[in-house]
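The values are calculated or read from the model by the stated rules, or taken from the named source; none is laboratory data. Since the model is a prediction, treat every value here as computed from it, not as a measurement. Reconstructed Cβ throughout: ideal geometry from the backbone, glycine too, with neighbour counts over all protein chains shown. Heavy atoms of the whole protein, side chains included, go into the accessibility calculation; ligands, DNA and RNA do not. Shrake-Rupley method; radii C 1.70, N 1.55, O 1.52, S 1.80 Å.
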Amino acid sequence: MRTRTLSLITFLVSASAAVACGGSPPPAPDQNPNAFLHIDAPVDAGADAESPTATATASDVDVDKAAQAYLDLLVQISPESATGLGIHKRDGDLDDRTVEGFEASTTKEDAMLQDLAKRFAHANLSPRAKIDLDILTHTLLVDVRVRREVRPLQSQPDVYCGPMNAIYWMTARDYAPAAERANNVLSRMEKVPAVIDAAKKNLNNPPKVWTEIGIESAEGAKTFFDDQRTFLKGALPNDTARIEKDIKTAREAYLGYAKFLKSDVLPKSSGNYAAGKDLFEFMLHQNYFLKEDSAALLVRGKKVFADTLAQLDEVAKKIDPNAKSWSDVTAKVKKNHPTAADLIPSYEREVKRARQFLVDKDAVEFPKGDDCTVTETPPFERSTITAAYDQPPPFDPVTKGFFFVTPVDPKMPKAQQEEMLRENDHGDQVDTAVHETYPGHHLQLSFARTNSSLIRKATSNSSATAIFAEGWGLYAEELMSELGYYTPEERLMQLEWTLVRAARVIIDIGLHTQDMKFEDGVKMLTDQVHLEKTLAVSEVKRYTESPTQPLSYLIGREKIFDMRAQYKQRQGTSYSLKKFHTEVLSHGTIVPGLIEREMFVDSTK
């Protein structure tokens, strides 16, 4: 996402949205973050590269069965996550947000992890199946530890706003008859008060910023539930009384929750949002499969930050040779922005233009059904999102993706409205459309849907995939520069956002491992990157809840460029940029290190 969250809406916790909705058992034993969990031998460098037509071993079938068991467990412990994946067996239910229920589900995940280690200790697996098994085991490994250390039921007020996400997916996507979806929406609305009751029992000293995020999300419920009225009445014209009753029930529950957070929780919110070095390093190695530690990534982030500043100065001088600094030029460029009324239509125009450019350049393939719609961000998510892509559920037949754009709130002070429009200036819009749609997230996820692996689909919106999904989005931005898409003004704004991504590496590591203050992160974005204050605050709020996700953009991009160089060397005179894109995107949304294993497994022959 280009935001200024996973869906490309990210919680601190990983693996599945189920994690974001639970509490936690007692802390897990210490684990060495540098010790990878290998439950079978590494991929043999001399083995044949895996492909859709490669021969599967007998044990490969067992990996597929394990993936199905994981998916069944996910449906059981998190019906909201199942809806997001496009599995609609429990669309009328909400996740169990009691501490007891969450502890039970964590125990089940842990038991599955231990069972996998025993079952596949000496299995003979194809390269592809080995990677699928690694994805499954690391998903469980990270999920269990994060659940037990983060304690989201007690510490993250916005996890109780998760039902709105689940309801939105049901009303926005036409995967079943409208009446069926509407009845399930009403069933979920009726269960919202129980979610809020659990919140009032569970929350205990969250970080202040997380409570503030929870308040903003809860206050968005009024508009959100009112907006469901049209769909519900159209689908169930004879159930007006029930519809009005359930909308009122859910809306008032969240408004009461917002008041509770303000009066009871906020004054006592003094918790620490920092993940801590041990958990941060664990997530880098076990979630992203990175060999580098945070210190090495920090060095890289600082280097790219410095290099990008130099590029910004160079481009700015082309636009205005007399300007004192690149920030003076961007300040002028930001004046070229749409009106509030033209905000959504102008993004629609940029999406169409980017796609046509790629067609003309013959730079990428377009999978069937890559339907993308630009629409307003749901109200309950506007606190932390300016623009973001919401992927079609991997198990839904519907392939429509949504490019969310947050509209300007007419109730904002005029100065704040202007700030928001300035962050949607023409150059920013061009770059954002590239990142979120073509050739960015939408194209990448359209390819990912074509991969047949069950576990890759099941984990396609987990936190682990951010390093490829967001890395690809940033790679897409730079690719369009290489292809000659940008004017100097547009390139300037694209570079500014590259600077943001480099700053994210520094702030992410600083906030979670080096005692960086929230205000210091905001100050870096306003003083050195020159973001508007409102946007900078929104950015850092998100960083506090999602350790390692902010750095995934830049680090993921660098890994993709590394793979491209390796691919070009291997292909020699037969190298094709379009073929590289098709190859790298065909493996699904998995971390770059695993894609590299599949692409180059036989390169040392």
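The length gained on full extension between Asp342 and Asp174, counted as 0.36 nm times the residue separation minus their Cα-Cα distance, comes to 57.8 nm. Put a dot 7 Å past the Cα of Ser325, heading toward its Cβ, do the same for Ala241, and the two dots end up 6.6 nm apart.
Estimated from helices alone, the mean residue ellipticity of the chain at 222 nm is -18500 deg cm²/dmol (sum of -39500 (n - 2.57) over DSSP H runs with n ≥ 4, per residue). Scoring 461-470, 97-106 by mean Cβ neighbours within 10 Å over their residues and listing the highest first yields 461-470, 97-106.
In region 411-474, the convex hull through the Cα atoms has an average projected area of 6.0 nm², a quarter of its surface area. When the alpha carbon gyration tensor of region 476-605 is reduced to an equivalent ellipsoid, its three semi-axes come out at 33, 19, 10 angstrom, largest first.
Per-residue extension of 0.36 nm, minus the Cα-Cα distance of Tyr575 and Asn272, leaves a gain of 104.1 nm for this segment. Straight Cα distances below 16 angstrom link Lys245 to the lysines Lys191, Lys222, Lys233, with same-chain residues fewer than 8 positions distant left out. Here r is the Cβ-Cβ distance between Asp313 and Ala58 and R0 is 51 Å; the resulting FRET efficiency, rounded to 0.05, is 0.25.
Put a dot 7 Å past the Cα of Phe561, heading toward its Cβ, do the same for Thr373, and the two dots end up 3.7 nm apart. Centre-to-centre separation between the Cα atoms of region 470-524 and those of region 387-428: 18 Å. Taking region 408-447 and a reference point 7 angstrom along Cα→Cβ of Arg353, the backbone N atoms nearer than 13 Å belong to 425-434. Would the chain count as rounded, prolate or oblate if I go by the C-alpha gyration tensor, calling it rounded below 1.5 in a/c and otherwise prolate when a/b exceeds b/c, oblate otherwise? Rounded is the answer for the chain, as its axis ratio a/c remains below 1.5. Solvent-accessible area of region 93-152 (1.4 angstrom probe, protein heavy atoms only): carbon and sulfur portion equals 49 percent. The peptide list 577-589, 349-361, put in order of mean Cβ contacts within 10 Å with the highest first, becomes 577-589, 349-361. First check a/c for region 76-233, with a ≥ b ≥ c the square roots of the eigenvalues of its C-alpha gyration tensor; if it is under 1.5, answer rounded, and if not, answer prolate when a/b is larger than b/c or oblate otherwise. Oblate. If R0 equals 51 Å, the separation of the Cβ atoms of Lys233 and Glu519 corresponds to a calculated FRET efficiency of about 0.65. The Rg/Rh ratio of region 548-605, with both radii computed over alpha carbons and Rh defined as the Kirkwood radius, is 0.98. Using a simple spin-label model with pseudo-atoms 7 Å out from Cα toward Cβ, Gln68 and Phe600 lie 3.6 nm apart. Largest first, the residues His441, His426 sort by 1.4 Å accessible area into His426, His441. Which percentage, to the nearest 5, of the DSSP beta bridges contained in the chain is antiparallel? Percentage antiparallel, nearest 5: 45. Assuming a ≥ b ≥ c are the square roots of the Cα gyration tensor eigenvalues, decide whether region 134-196 counts as rounded (a/c under 1.5), prolate (otherwise, with a/b larger than b/c) or oblate. Judged from the Cα gyration tensor, region 134-196 comes out oblate (a/c at least 1.5, b/c at or above a/b). In region 206-308, Cα pairs under 8 Å separated by at least six residues give a relative contact order of 37 percent.
What FRET efficiency do you get for Lys259 and Val299 if R0 is 51 Å and r is their Cβ-Cβ distance, rounded to the nearest 0.05? The computed FRET efficiency comes out at 0.65.
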